[in-house]
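Engineer: I'd like to ask you about the structure that follows.
Each value in this text was obtained by applying a stated rule to the coordinates, not by laboratory testing. All values reported here derive from a predicted model rather than from experimental measurement.
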Amino acid sequence: MKTNEGSLDRIARVIAGLALIALTVTSTIGVWGWIGVVPLLTGIFGVCPAYIPFGISTCPMKK
């Protein structure tokens, strides 16, 4: 798959995912915090499946 996330988008996703997982592990929030795995993985791989049908890309254009 083609990368459709820019650097800032990827960093934000990884931080948000790790924060949600950490809050879940420390029992600060409930089990729903495991949803943090989704932004973590999309940030690591650089592909957001929700962007694909809408043709959205936060990657800078390649010259």
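Engineer: Pull up all non-local amide H partners of ILE29: gap of 5 or more, or a different chain, and H-to-H distance under 5 Å with H placed in the peptide plane.
Structural biologist: THR24
Engineer: Additional query: What do you get for the angle between helix 7-25 and the principal long axis of the chain? Use alpha-carbon atoms, 0 to 90 degrees, nearest ten.
Structural biologist: The answer is roughly 20 degrees.
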